[in-house]
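S.K.: First the structure, then my questions, so here it is.
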Amino acid sequence: MKEKKALQTTLDRLPWGDSGVSGDLKVSNKLPEGVKSKELYKDIVQIAWPSFIELLLTQLVSMVDMMMVGGIGGEANPQLGVDAITAVGLTTQPKFLLMTAFVAMNTGVTALIARYKGQGDKEKANLVLRQGMMFTFIATFLLSVIGVIFARPMIIFMGGKGESIIQQATVYLQIQLAGFATVALTSTITAGLRAVGDSRTCMIYNLIANGVNVIFNWLLIGGNLGFPELGVAGASIATVIGQLVAFVIALCVILRGNTFLKLEPGKGFKPDKLMLHNMTAIGIPAAIEQLLMRAGMVIFAKTVASLSTTAFATHQVCMNIQALSFMTGQAFAVSATSLVGQSLGRRRPDMAQSYCSKTRNIGFAVALLLTVTFAFFGGDIVSLYNKDPEIIKMGGRIMLFVAFLQPFQTSQFIIAGGLRGAGDTKSTAKITTITVLFVRPAVAILLVNLGLDLYGAWIALACDQLLRSALVFLRYNSGKWKLIKLKNEAA
């Protein structure tokens, strides 16, 4: 089958730059000669919009999942829904902690493939894809076995209270981990496709998977059309089925050949020393960042779990809604990572900083719109999850925190995406260590013990986000990310 034409950007028509940026680390808003803002915005949007739609609808499906789980028991017994939300919430951090290995390696996959795309080197780009998939498969097989065996202890460690909640959470987590390899391999393929700017394909297969997930949610949570009523376990099975569909489609796409990438199993999956060195040079700091972030998040989540079941359920609802707002930053971060990596591969750091600056401008504008929405309609959105008056009241107040943080977190996501596209994962790891591992848990424990309860936890989250945004911006402004080179790459 004929391969699709690779996505073209303004960068492709520009000449290659010189090999270095000596003495020119200053970050400037001045556009490179012969480049117009309109062209850059067009490049950014054509990569970001499919990612934005995909991530937005994916999170909306996650919200629907939580709403359907929260609806267990109906208005007659809303406490059953509160318990179900709590059970699902307890699985979040253990699952993300186990995902650290392949998420971190995918950072290396994206950065390297983007850079080789800039250099026009298809052979090396596809070698990175094979190496990434090999690593992902081995890592997730081992982690899924460990996770299934120790699911219950992890739930108890996270602060699970009551045998019913612990049992529901354990089953939910075990089912998720049984299907771990499919979601992991799909994420590696997605990392490669986004690196070359093909976010549209990722959008298509993930949206199909989301549709499958919602259908099976309806069939399995409540037991419709003759299917068994499985409650929380049904929600987990539905998610795994959707993930399997996404993997099958993504694998077919990459085997057929799409834009710059094509998976050719015949060339083998034998470890390549040089490529693995470059991948781990970027991936290990990202792994450390993810591990430290998850450690901080676990401490934070345990602190919140020490509060009442209602408070923890409210927290999970608001975190679920906040995750929707992450989609803006993450979608435009895809553009920043891809275009910064491609620009540096072409030795055009001036284009890299221009792309990053313009991406941040668009993201900031969207974030302001979300700020207004959450500030005025936060309580109404919370009420969609559960009709408990206390959850709606408390959640409406927490949503003011979510609204306030929008511009800061979006800018942070985008700039950090640009840094990762440059391969500057060490700096983001250090920043995460300071903010997520130390600042957020310490402030949360202090304020919760002072009697501020859930509000204290969200003040701590706000402190983390504000400090992280400031540190990421300072690192970007230093311009040192322009100097990062791959092994065997010309200085």
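S.K.: Working carefully through the options Val148, Val128, find the one that is out of contact with any strand residue (DSSP E or B) (no Cβ under 7 Å at 6 or more places or on another chain), part of a helix (DSSP H, G or I) and more than 24 Å from Trp16 (Cβ to Cβ).
M.R.: Details: Val128 fails: more than 24 Å from Trp16 (Cβ to Cβ).
Val148 is the lone residue from the list that is out of contact with any strand residue (DSSP E or B) (no Cβ under 7 Å at 6 or more places or on another chain), part of a helix (DSSP H, G or I) and more than 24 Å from Trp16 (Cβ to Cβ).
S.K.: Filter the stretch 114-134 down to residues that are among the charged types (D, E, K, R) and crowded, with 23+ Cβ neighbours inside 10 Å, then give me how many there are.
M.R.: First pass over the stretch 114-134, keeping only residues among the charged types (D, E, K, R): 115, 117, 121-124, 130.
Then drop every residue that is not crowded, with 23+ Cβ neighbours inside 10 Å, which leaves 115, 117.
Residues meeting the conditions: 2.
S.K.: Sticking with this one: Val436: within 15 Å of Leu466 (Cβ to Cβ), touching a Phe, Trp or Tyr at 6+ places or on another chain (Cβ under 9 Å), in a helix (DSSP H, G or I) and at pLDDT below 90, yes or no?
M.R.: Values: within 15 Å of Leu466 (Cβ to Cβ): yes; touching a Phe, Trp or Tyr at 6+ places or on another chain (Cβ under 9 Å): yes; in a helix (DSSP H, G or I): yes; at pLDDT below 90: yes.
Against the criterion (within 15 Å of Leu466 (Cβ to Cβ), touching a Phe, Trp or Tyr at 6+ places or on another chain (Cβ under 9 Å), in a helix (DSSP H, G or I) and at pLDDT below 90), Val436 qualifies.
S.K.: From the list Ala311, Ala281, Ala287, Ala323, which residue is farther than 30 Å from Ala195 by Cβ and not acidic (Asp, Glu)?
M.R.: Working: Ala281 fails: farther than 30 Å from Ala195 by Cβ; Ala287 fails: farther than 30 Å from Ala195 by Cβ; Ala323 fails: farther than 30 Å from Ala195 by Cβ.
The conditions single out Ala311.
S.K.: Can you name every residue in the stretch 223-267 that is buried (at least 16 other Cβ atoms within 10 Å of the Cβ) and small (Gly, Ala, Ser)?
M.R.: Gly231, Ala233, Gly234, Ala235, Ser236, Ala238, Gly242, Ala246, Ala250, Gly257
S.K.: Can you list residue pairs whose Cβ atoms sit under 7 Å apart, with the first residue in the stretch 327-347 being in a helix (DSSP H, G or I) and the second being among the acidic types (Asp, Glu)? Count only pairs 6 or more apart in sequence or on different chains.
M.R.: Leu339/Asp43
S.K.: Right, next: Out of Ala169, Ala151, Ala104, I need the residue that is among the hydrophobic types (A, V, I, L, M, F, W, C), at pLDDT below 80 and crowded, with 21+ Cβ neighbours inside 10 Å. Which one?
M.R.: Numbers: Ala169 fails: at pLDDT below 80; Ala151 fails: at pLDDT below 80.
Matching residue, one of Ala169, Ala151, Ala104: Ala104.
S.K.: With respect to Gly179, determine if the residue is under 24 Å from Ala333 (Cβ atoms) and crowded, with 16+ Cβ neighbours inside 10 Å. Before the answer, list the steps.
M.R.: Values: under 24 Å from Ala333 (Cβ atoms): no; crowded, with 16+ Cβ neighbours inside 10 Å: yes.
Criteria not met by Gly179.
S.K.: When the residues of the stretch 182-206 are filtered to those that are assigned to a loop (DSSP other than H, G, I, E, B) and in contact with a strand residue (DSSP E or B) (Cβ under 8 Å, 6 or more places away or on another chain), which remaining residue is surrounded by the fewest Cβ atoms within 10 Å (Cβ to Cβ)? First the steps, then the outcome.
M.R.: Just the residues of the stretch 182-206 that are assigned to a loop (DSSP other than H, G, I, E, B), to begin with: 196-198.
Checking the rest, the ones that are also in contact with a strand residue (DSSP E or B) (Cβ under 8 Å, 6 or more places away or on another chain) come to 196, 198.
Working: Val196: 25, Asp198: 23.
Restricting to residues being assigned to a loop (DSSP other than H, G, I, E, B) and in contact with a strand residue (DSSP E or B) (Cβ under 8 Å, 6 or more places away or on another chain), the top hit is Asp198.
S.K.: Which of the residues that make up the stretch 43-79 are in a helix (DSSP H, G or I), surrounded by fewer than 16 Cβ atoms within 10 Å (Cβ to Cβ) and modelled with pLDDT under 65?
M.R.: Scanning the stretch 43-79 gives a single hit, Gln79.
S.K.: Let me ask something else. Out of curiosity, is Leu405 touching a residue at least 60 places away in the same chain (Cβ under 8 Å), farther than 24 Å from Thr309 by Cβ and surrounded by 22 or more Cβ atoms within 10 Å (Cβ to Cβ)?
M.R.: Details: touching a residue at least 60 places away in the same chain (Cβ under 8 Å): yes; farther than 24 Å from Thr309 by Cβ: yes; surrounded by 22 or more Cβ atoms within 10 Å (Cβ to Cβ): yes.
It is true that Leu405 is touching a residue at least 60 places away in the same chain (Cβ under 8 Å), farther than 24 Å from Thr309 by Cβ and surrounded by 22 or more Cβ atoms within 10 Å (Cβ to Cβ).
S.K.: Can you say whether Phe408 is closer than 16 Å to Leu461 by Cβ, touching a Gly at 6+ places or on another chain (Cβ under 9 Å), aromatic (Phe, Trp, Tyr) and at pLDDT 90 or above, as far as the supplied structure shows?
M.R.: On the way: closer than 16 Å to Leu461 by Cβ: yes; touching a Gly at 6+ places or on another chain (Cβ under 9 Å): no; aromatic (Phe, Trp, Tyr): yes; at pLDDT 90 or above: yes.
Here the answer is no, as Phe408 does not meet what is asked.
S.K.: Shifting gears a bit: Test Ala323 against the criterion of being in contact (Cβ under 8 Å) with a residue 12 or more places away in the chain and surrounded by fewer than 20 Cβ atoms within 10 Å (Cβ to Cβ), and give yes or no. Lay out the reasoning, then the answer.
M.R.: Values: in contact (Cβ under 8 Å) with a residue 12 or more places away in the chain: yes; surrounded by fewer than 20 Cβ atoms within 10 Å (Cβ to Cβ): yes.
The answer is yes for Ala323.
The values are calculated or read from the model by the stated rules, or taken from the named source; none is laboratory data. Nothing here was measured: the structure is a model prediction, and the numbers come from that model. When we count neighbours, we look across all protein chains shown, and the Cβ atoms used for this are built from the backbone with ideal geometry, even at glycine.
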